[in-house]
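Structure first, commentary second.
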């Protein structure tokens, strides 16, 4: 999996991949991982993938919340929502 292909996967799949890479970086031995020793290069790649997946999931959550905020509230009667800047 490449970092530029992360947009193709759903949030659930990205969460599963994140947990797998996190276990590799942390050195946790799990049944679903191969029992071989991970090289430092593999751990470094996994660390970068964890960061990229975190960024992708954060952007998705941010866009979802923004869509809910913009599409879910009516500003016609409540002008206090327009004045609020924080």
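The values are calculated or read from the model by the stated rules, or taken from the named source; none is laboratory data. The model shown is predicted, which means the values in this text are computed figures rather than measured ones. Backbone-built Cβ (ideal geometry, glycine too); neighbour counts: all protein chains shown.
Residues checked against (1) at pLDDT below 80; (2) touching a helix residue (DSSP H, G or I) at 6+ places or on another chain (Cβ under 9 Å); (3) surrounded by 10 or more Cβ atoms within 10 Å (Cβ to Cβ):
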residue	(1), (2), (3)
3	yes, yes, yes
6	yes, yes, yes
16	no, no, yes
21	no, yes, yes
24	no, yes, yes
30	yes, yes, yes
35	yes, no, no
42	no, yes, yes
48	no, yes, yes
Exercise. Determine the pairs where a residue that is more than 25 Å from residue 12 (Cα to Cα), located within the stretch 58-76, has a partner that is modelled with pLDDT under 80 and surrounded by 10 or more Cβ atoms within 10 Å (Cβ to Cβ) with Cβ atoms under 8 Å apart, the partner being 6 or more residues away or on another chain.
Key: 73/81; 75/81
